[in-house]
Structure formats: structure tokens, C-alpha cells
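Report on the structure given below.
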Amino acid sequence: MLARVWSASIVGIDAVKVGVEVDVSGGLPGIVVVGLPDTAVQESRERVKAALKNAGFAFPMRKIVINLTPADLRKEGPSFDLPISVGILAASEQVSAQLLGDYLFLGEVSLDGSLRPIAGVLPIAAAAQELGISGLVVPADNVREAAVVKGIAVYGFEHLEEVAEFLNQPERYSPVQVDGLQELTQSQFSGADLKDVKGQSHARRALEIAAAGGHNLIFVGPPGSGKTMLARRLPGILPPLSFAEALEVTTIYSVAGLLKERGALVSERPYRSPHHSASGPSLVGGGSFPRPGEISLAHRGVLFLDELTEFKRDVLEFLRQPLEDGEVTISRTRQSVKFPAQFTLVASTNPCACGYFGDSIQACTCSPRQREHYWAKLSGPLMDRIDLQVAVNRLKPEEITRQPLAEESALVRNRVQAARDRALVRFKLESNLGCNAQMKSNHLREWCQLDDASRNLLEGAIRKLGLSARASDRILKVARTIADLAGDENLLAQHVAEAIQYRTIDRMG
């Protein structure tokens, strides 16, 4: 007998509907899987056979052919265990096949018949209606993740026996309901607070501007000046995720298999801090079956690269296109996939190899040639894409011992939110813009018009610092954010002057 069960596969972060056709017929007993299965899918033959027997079902001792359609799509992972099991049970008439056309089945099966969670359930649930599916059957550990999506019935089970009972008596079960918006609004930020940072008013101001405009930022200073401490506090002053943004982020973490530690919905902006030994594929994504890298896991959040000059130069060059486009494209022989990568880059580095160039306490031991070689690790095009370049000095003894608690993150976040709201009013006809850092040349002409004093300031900076056209555009974007924080509609000379001050590395050249 022939049975068809629907499942799905993930390509990038998109879901593709997969048909699992199971034919049980006469011939020598055995299981054959066709349709470009990978090793994990091939191994499902033995898992499913043991699981069905240990769960108390009769395994048909006949020839079983399992065809995964479409045949030209590579199938990977253990998520096909459950649809294959259901297909064998339906083909051998041990469960009713009435619901198989309306539901999509996903899940890994253990040898005792219990269901184990899998990655990528959320994007499949989100695409279910487009795929012509009215419901999902998933492992219990995946049910809250899938139920975040409205308009689709989601059922979660612990064991194959429960799935069989559901197929035979569906009226006994009710779909799981999850209010994702309520979960998002009830969440509270649990990260580090700016009030713990003593002094560093210039760096704190740069953090506020970066948060308000979505600008990339680099801190340059000696060891112990607080660069990492400052960077870790940026997520706490960013506006909270909207529900649409939370779904985007959760989808990426679901595909990467990292959602279990974060619950049904990612409610806080991501903060990723890869080690400087990270490879290019781990940073931007890749693999035979492309998976999101660190820059996509930082989508809508912060990517912190500590000790930037310790990263390999060719690895850093991978960042140039995602920083400009907000997405990364990974091409393979059989397919090309895109992952979103709209993140705020925060980096830190020492001013030289020994770390003490310009320090007021300890003398630098590097020669001018060594310092030049040190900075040569960072290419000009990459630095052009970093809007705010800020020098961070070590605190004075009296600042360490006598400095009172500083302004807390919640107050700064209120100003950041107000500035972003002003920007969104301007962007009301531009659906692809979310912050000032994403403005293009036509937007700059409309919203960053300069008076004579501001123009003279910018032209002087371009001549003195040798700025590129991209760097000068970045100055205008930062100036626009500074004006938004001040509540000013027009750009003034003071806004442009402050924006120029955040080109520390250009002045070091």
C-alpha cells in the first residue's frame, strides 16, 4: 500500500515542502530511501525500525521504498524520522491516513519511540499556510516555538504512540496556543547596566549615538580602559525588539539549533562576541548545507569583535559586504542562500602592539614602523564602514575611587527611543529603513542638507583627514543622529562638528 506524508526542509531560512512517499509491497524485506537523502536521513531506516518495534507497533517485514520529493532537493538531518514512521504506519494500515494531507510532520525519533526536538521548526511553521498546510505535528519540545505563529494548528507529542492516537482520534486533542506578543512584552532586559561604568563620558556619548542611529563603533585604548565593559552595555540601551523583529531573530536561532536555550521567542536583542581565532565561514556562515554565522546570529543586535587587529585580515574583509547590504549571500554549486545580517558592529583594539601608545601612565615601546604595521591589519574600506571611532583613555585614580554611580541604561534608552521615533517619522514612506545608518545617498540629499558653516566644516575635515566619499557620508549620518538626539529638525554646524570628532583613527593616520 502507498502512503504520502508531508514534511519540510530548510534552505537558508526558507522552508521547502517535502513529500515523503512510503510504499509497502511484496519482495525481500528491507528499506530503501531515495530522493537525495544525506547520511542522517539514510540512518533513519534503522532508527525508525527499532522505534516502531519498541513502541509496540508491528513492523512490516516486506519491501519498503521511501521516496523524498522533490527528488532534486538535498534532504538532510533527522527531522524526517517522524514522517517516515507515520508513513510506514499508514501504509501498513496501523493508523488512519485521513489527516495526512492536511498536516506536516517533523521530528527525530529515538530508539524507544520518543520524539526529540529538531532545528528550524519556526520558519516551517511561518511558511505553513503558503505551503498549503493547516497544521503541524512536532516534538513536544518544539511545540511552543511553532505555536508562536498565528493561524496554524500546532500539536506537540512526546512519543510515537501519542502521534498514532492523534491520527486515529484527532478529536481528543487540542492545538497548543502561545501568545508571542505577551511573552515579548513581559520580558525584561537582564544584561549589564551603564550605571556601573565610571567616567568615560565621551565613550558613553558614542554608545548613545550608536544605539540611536544603528551606527558601527570602534573603541581604541590601552588595556584596562574599559572598552569591553562599554561594549557589553550597548544592548541595554537599544530599543526593545518589535514582534516582527523578534520573529526574524527567532527564525535564525531556530535554523541554527540555538533556540532551546532562549525559549519560544527571542525577546532580547542578540549580543555575539566571537573569538579572534574565528574563521570566515563561522563568522559569515557556510558549510555544505549553509548555516547562519555569527553576523546573522547578531541580526537586529550587536556583534562585538574584541581585539579587532588580532582577527585575520581576510576574515575581516568578509564583513564589508554584509555591513553595506544588511545581508550575506552564500553560494554553493547546487544553491545560493541569503541570511539577514542587519547588526551593529562594535569593535575594540589597542592603539599599538604593546597597547600603550598615547597612554598617560605607561610608555609605548613600539616604533613608528611597528605602529604602522599594526594598523595595516585593518583595511581602509573596512574602517570607512565604521561610523564612530572613539579613543578610550584609562581612568584617573580619583575617577576610580570617588566617581558616583553614572546614569543608568533605562534613562539612556528612553532618549535613544525618542531619537529613533523621530527618524521613523521621516522614514514613514521608506519601508526598508529602520535607522539613520541605513540611509542611502538620496536620503542624505533630502534629510542631511548643510548650511554654509556645516559645509565648510565637512570640506575641511575631508581635506585634512583624507576622507573618502563613503566616510563623509557616514559623518552626515552620524550628524543626523546627533540632531535627532537633540530634537533638532535641521543639521547644524555643531552636529557636524561632533560627528567629525568621532574619526579618531583617521586623525591617527
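The values are calculated or read from the model by the stated rules, or taken from the named source; none is laboratory data. Note that the structure is predicted; figures quoted are calculated from it, not measured. Methodologically, a virtual Cβ is constructed for each residue, glycine included, from the backbone with ideal geometry; neighbour enumeration extends over all protein chains shown. What goes into the accessible areas is simple: the full protein's heavy atoms, side chains included, and nothing from ligands, DNA or RNA. Shrake-Rupley method; radii C 1.70, N 1.55, O 1.52, S 1.80 Å.
Brief remarks on what is shown
- Filter result (outside any helix (DSSP H, G or I), charged (D, E, K, R) and within 20 Å of residue 177 (Cβ to Cβ)) within the range 97-151: 102, 150
- On the stretch given as the range 330-356, residues that are open to solvent by 60 Å² or more (accessible area, probe 1.4 Å), without any contact (Cβ under 8 Å) to a residue 60 or more places away in the chain and either out of contact with any helix residue (DSSP H, G or I) (no Cβ under 6 Å at 6 or more places or on another chain) or under 18 Å from residue 290 (Cα atoms) (or both) total 4.
- Within the range 358-372, the set of residues being closer than 24 Å to residue 397 by Cα and open to solvent by less than 90 Å² (accessible area, probe 1.4 Å) comprises 358, 359, 362, 363, 364.
- Counted residues, the range 63-93 - those being in a loop (DSSP other than H, G, I, E, B), out of contact with any Pro (no Cβ under 9 Å at 6 or more places or on another chain) and either of a type outside the set (Gly, Ala, Ser) or in contact (Cβ under 8 Å) with a residue 40 or more places away in the chain (or both): 5
- The residue of the range 450-482 that is most open to solvent (accessible area, probe 1.4 Å), among those that are among the hydroxyl-bearing types (Ser, Thr, Tyr) and under 35 Å from the mean Cα position of the chain (by Cα), is 468.
- Residue in the range 395-402 that is out of contact with any Cys (no Cβ under 8 Å at 6 or more places or on another chain), under 30 Å from residue 268 (Cβ atoms) and outside any strand (DSSP E or B) present: yes
- Residue check, residue 282 in a helix (DSSP H, G or I) and open to solvent by less than 10 Å² (accessible area, probe 1.4 Å): no
- Selection count, the range 36-53, where residues are surrounded by 15 or more Cβ atoms within 10 Å (Cβ to Cβ) and outside any loop (DSSP other than H, G, I, E, B): 11
- Here residue 377 clears all of (1) assigned to a loop (DSSP other than H, G, I, E, B); (2) modelled with pLDDT of 90 or more; (3) within 28 Å of the chain's Cα centre (by Cα) except the condition numbered (2).
- Among the residues of the range 144-163, those identified as of a type outside the set (Ser, Thr, Tyr), surrounded by fewer than 23 Cβ atoms within 10 Å (Cβ to Cβ) and closer than 25 Å to residue 50 by Cβ are 157, 158, 159, 161, 162.
- Residues of the range 430-449 satisfying the condition of being under 26 Å from the mean Cα position of the chain (by Cα) and assigned to a helix (DSSP H, G or I): 436, 437, 438
- Going through (1) out of contact with any Pro (no Cβ under 6 Å at 6 or more places or on another chain); (2) modelled with pLDDT of 95 or more one by one, residue 108 falls short only on (1).
- Residue check: residue 254 meets all listed conditions (1) assigned to a helix (DSSP H, G or I); (2) more than 20 Å from the chain's Cα centre (by Cα) but one, namely (2).
- Tallying residues that are farther than 17 Å from residue 166 by Cβ and either among the small types (Gly, Ala, Ser) or surrounded by 22 or more Cβ atoms within 10 Å (Cβ to Cβ) (or both) within the range 109-127 yields 11.
- Exclusive hit being of a type in the set (Gly, Ala, Ser), surrounded by fewer than 19 Cβ atoms within 10 Å (Cβ to Cβ), modelled with pLDDT under 90 and more than 25 Å from residue 320 (Cα to Cα), set 410, 406: 406
- Counting only helices (runs of 4 or more DSSP H) that fall entirely inside the range 171-236 and contain at least 3 residues that are under 28 Å from residue 421 (Cα atoms) and open to solvent by 30 Å² or more (accessible area, probe 1.4 Å), the qualifying elements are 180-186, 201-213.
- Test: residue in the range 304-312 that is in contact with a Gly (Cβ under 9 Å, 6 or more places away or on another chain), under 27 Å from residue 329 (Cβ atoms) and open to solvent by less than 20 Å² (accessible area, probe 1.4 Å): no
- Flag if residue 296 is at pLDDT below 90, closer than 20 Å to residue 344 by Cα and in contact with a helix residue (DSSP H, G or I) (Cβ under 6 Å, 6 or more places away or on another chain): no
- In the condition set (1) in contact with a strand residue (DSSP E or B) (Cβ under 9 Å, 6 or more places away or on another chain); (2) open to solvent by 30 Å² or more (accessible area, probe 1.4 Å), residue 66 is compliant with all but (2).
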